[in-house]
Every structure is written in structure tokens, then in C-alpha cells.
């Protein structure tokens, strides 16, 4: 008798697209109809009447089937908004990087002939670092919070799109890690120079940074291979 | 009955939200509760119920999750979200207002006493 309900639901879904959502709806329908059927039987109804009553209770599924054909995954308005937000975050970050150089210039030697070591000169450098940190934070946030492409159904194309989106996201995260390494190297260079007067061996951090980046790259490739 | 259910149809979503505000539930359980509350006078067609679920889910009024198996098939549960609770509260107010207005307009004088 359960088969009859199942077959009936199958026949209702003949026109429906074969997506994951349609299958889930089918499962849900069968499970609830079966519960209803069992309930009717336990109330003493005979099998044929119970089956008929259950099937009659489904009603007109036309609207439901039509709704399965609508595309919900891609919402152009939302996508547009996310693009705008992402552009805004990136431009703000870039602007911060550029503006950051104003502080050490303004607070120190370049204008009033003071050295970096004076308290005011240090404030300038510190403000620049704060700008860099904020800007990098914005870039990382932008990369991580970008929406992940959710696959709409179980076709190969959708699988590919999801895989590609995951891959893009991963590489966005990696890219922000790389930029962080370079930024830390710069910060380190300035700290070594300003506080320890070690400008000379200090510049070596810029040779070290690409090495660190390559190591991160290797580790990530190695881990991907293991997955 | 059929005319009454036409009048009720516009409130399907509110009815479903009201059921879910009591506890998380699944399709058949909701329909059964509706039947029991109305002494068998009203029940939703399955198709109507799932269309309502879909619209509510799109409007972020409910969330769904797969619960345990019971009758051999997976069972999808629904729970009300804060948005859904707000919508329900507003719909209750709207309904009371509409009811009062319609009562005033269509019930003959003195018939209410």
C-alpha cells in the first residue's frame, strides 16, 4: 500500500525537473502521506479507503511543481549588492594603504625636521601600521565573506560551478595570507630600523618574505593533495 | 465548507506560523493539529501546505531541517524564525482589525446580541 502512495507521488512529479530540491520535496511528501495513511489505518479505516482518502488530500500540486522550476539560487539583485559591497571594501582598503604614508611623513622628519625616534615621530609610524592592519583586515574580510556558490541541483555543471567557487574562495584566502606576510615583513623592517637602527641587516626580511610565501603555498598544495 | 475554505486560504501561512510558534513540527503533524483544533471542520491540502512552507522559507519566516526517520522516509521539520514570529504577531493584529471591520459592515444591526 505504501508503494501505491509512492507511485502516485512519482506520477505527480513526472513534469517536475529532476533536481535535488524536487527529490527532497518528493521524499517529504511521501513521508507525510505515509504517516497520514498509517494514522487512518490505526483509526480502523480499511486499506483502500485510507489510500484513497490520503491521495485525495494531496490537492492540486500544479503551483508546487511550477515553483520547482523557478531559479532561486541566483538572485540578480542580491548578486549586484554583493558586488558593490565587495568593490567598496576593496577600494577602502587600497585608499587606506595609500593614505597611511601621510602619517609618518607628516609627523616626522620630512616636514618638521624631526627624527622617527621622537615620540611624535613614532606616533606617525604607529598610525601607519594601524592603517595597514585595518586595510588588510578589510581585504581578508572581503575574501572570506564572499558568498559561496550553492549548487542548484545535482548536475555536473552545478558540481563544477560549486567546485570552482570553492577553489576561488580558497585562493582568495591564500592571497590575503600572502599579502599579510609581505605587510608583516614591512612592519618588521620599520621596527628593526626605527627602534634598533638595524636598517642594514633589516632589509633582509624582504628576501625572507617570499620564502615564507612559497612555504605556505607548498603546504596548501600538499594538504589539498591529501584531501 | 468550500466557500469558507476559500476565505481561510489567504491565511494559510499565518495558520502554519501559529502552529510552528508552539513547537517545531512536520507537515502531517501540523495538518493533524489543524484538524483537531477545528474538530475536523478544516484541513489543508498537502499541496497548499507545501506551497506555504516554500513561501515561508523564501521569506525567511521558517527554517527546515531533516529529522529522524519514522515511517521509513526522511522527515523534514520546520521551525519558526524571529522574522516569522514578527510576521505572525503582525498578522494577528491585522486579522483582529479586519474581523472587527467586517463584523461591523456585514452583520445586521442587533444580530450580534
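The values are calculated or read from the model by the stated rules, or taken from the named source; none is laboratory data. Worth saying up front: this structure is predicted, and the values here are computed from it rather than measured. FYI the Cβ positions are ideal-geometry reconstructions off the backbone, even for glycines, and counts take in every protein chain you see.
For the range A:75-87, state whether one or more residues are at pLDDT 85 or above, assigned to a helix (DSSP H, G or I), within 29 Å of the chain's Cα centre (by Cα) and crowded, with 17+ Cβ neighbours inside 10 Å.
No; the residues of the range A:75-87 include none that is at pLDDT 85 or above, assigned to a helix (DSSP H, G or I), within 29 Å of the chain's Cα centre (by Cα) and crowded, with 17+ Cβ neighbours inside 10 Å.
Within the range B:21-56, count every residue that is in contact with a strand residue (DSSP E or B) (Cβ under 6 Å, 6 or more places away or on another chain) and within 12 Å of chain A (Cβ to nearest Cβ).
The number of residues fulfilling the criteria is 1.
Residues checked against (1) over 25 Å from residue B:58 (Cβ atoms); (2) in a helix (DSSP H, G or I); (3) more than 14 Å from chain B (Cβ to nearest Cβ):
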position	(1), (2), (3)
A:4	yes, yes, yes
A:34	yes, yes, no
A:44	yes, no, yes
A:94	yes, yes, yes
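For the list (1) buried (at least 16 other Cβ atoms within 10 Å of the Cβ); (2) within 12 Å of another protein chain (Cβ to nearest Cβ); (3) part of a helix (DSSP H, G or I), I need the number of the one condition that residue A:51 fails.
Only one criterion in (1) buried (at least 16 other Cβ atoms within 10 Å of the Cβ); (2) within 12 Å of another protein chain (Cβ to nearest Cβ); (3) part of a helix (DSSP H, G or I) is unmet by residue A:51, namely (2).
Can you name every one of the helices (runs of 4 or more DSSP H) wholly within chain B that holds 1 or more residues which are modelled with pLDDT of 90 or more?
In chain B, B:12-22, B:27-37, B:46-58, B:82-106 are the helices (runs of 4 or more DSSP H) which contain 1 or more residues that are modelled with pLDDT of 90 or more.
Does residue A:40 satisfy being assigned to a helix (DSSP H, G or I) and either surrounded by fewer than 15 Cβ atoms within 10 Å (Cβ to Cβ) or at the interface with another protein chain (Cβ under 7 Å from one of its Cβ atoms) (or both)?
No, not satisfied.
For (1) closer than 18 Å to residue A:104 by Cβ; (2) in the same structural domain as residue A:144 (by TED's automatic domain parsing); (3) modelled with pLDDT under 85; (4) crowded, with 16+ Cβ neighbours inside 10 Å, each residue gets a yes or a no:
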site	(1), (2), (3), (4)
A:155	no, yes, yes, no
A:163	no, yes, yes, no
A:175	no, yes, yes, no
A:181	no, yes, no, yes
A:216	no, yes, no, no
A:220	no, yes, yes, no
